[in-house]
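Structure first, commentary second.
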Amino acid sequence: MVLIQKLLNITYTPNKQTTNIVYKDKDGQTIKTDKVDGKTDETIPVDPTKDVPAGWKIIPDQKIPETVKVTPDGL
């Protein structure tokens with residue numbers, strides 16, 4: 001029996017992805033959407049508090065993420 005082995009090099013290249021930060025009012029209506037671009041599995045720092053739409057404010061004591069993880073499906 002002859003065993004043949006081949007070395008296979010696989011290179012992973014993350015895809016470009018887009019996700020959104022969606023600002024909603026207390027009734028769940030969207031008031032603004034900001035696009036966030038990155039690559040698959042990349043963690044991107046964000047500060048949604050600096051881009052609050054004019055005339056609106058963040059609800060006090062609300063937990064707001066400081067990063068967004070870009071996933072293969074753009075979420």
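The values are calculated or read from the model by the stated rules, or taken from the named source; none is laboratory data. Here the structure is a predicted model, which is why all the values come from computation and not from measurement. A quick note on method: Cβ atoms are made from the backbone with ideal geometry, for glycine too, and the neighbour counts reach across all protein chains shown. SASA here: full protein model, heavy atoms, side chains in, ligands and nucleic acids out. Shrake-Rupley method; radii C 1.70, N 1.55, O 1.52, S 1.80 Å.
A few notes on this one:
- Residue with peak Gaussian network fluctuation, the chain [Cα springs, cutoff 10 Å], from Gln17, Gln29, Gln62: Gln62
- Prolate/oblate/rounded call for region 36-75, Cα gyration tensor, a/c under 1.5 rounded: prolate
- Applied to region 48-55, the Karplus parametrisation 6.51 cos²θ - 1.76 cosθ + 1.60 on θ = phi - 60° returns per-residue 3J(HN,Hα) values of x, 5, 7, 10, 4, x, 3, x Hz, with x for Gly and Pro.
- Among Thr13, Thr40, Thr49: highest mean-square fluctuation, GNM of the chain, C-alpha pairs under 10 Å: Thr13
- Net charge over other residues, Cβ less than 15 angstrom from the Cβ of Ile58 (K, R count +1; D, E count -1): 0
- Solvent exposure of the chain, expressed per residue, is 89 Å² of accessible area, with all protein chains present and a 1.4 angstrom probe.
- Label of the coordinate-derived value, Kirkwood radius over Cα pairs in Å, listed as [x] 15.3; [y] 12.4; [z] 11.8: [x]
- Residue with peak Gaussian network fluctuation, the chain [Cα springs, cutoff 10 Å], from Lys16, Lys32, Lys57: Lys57
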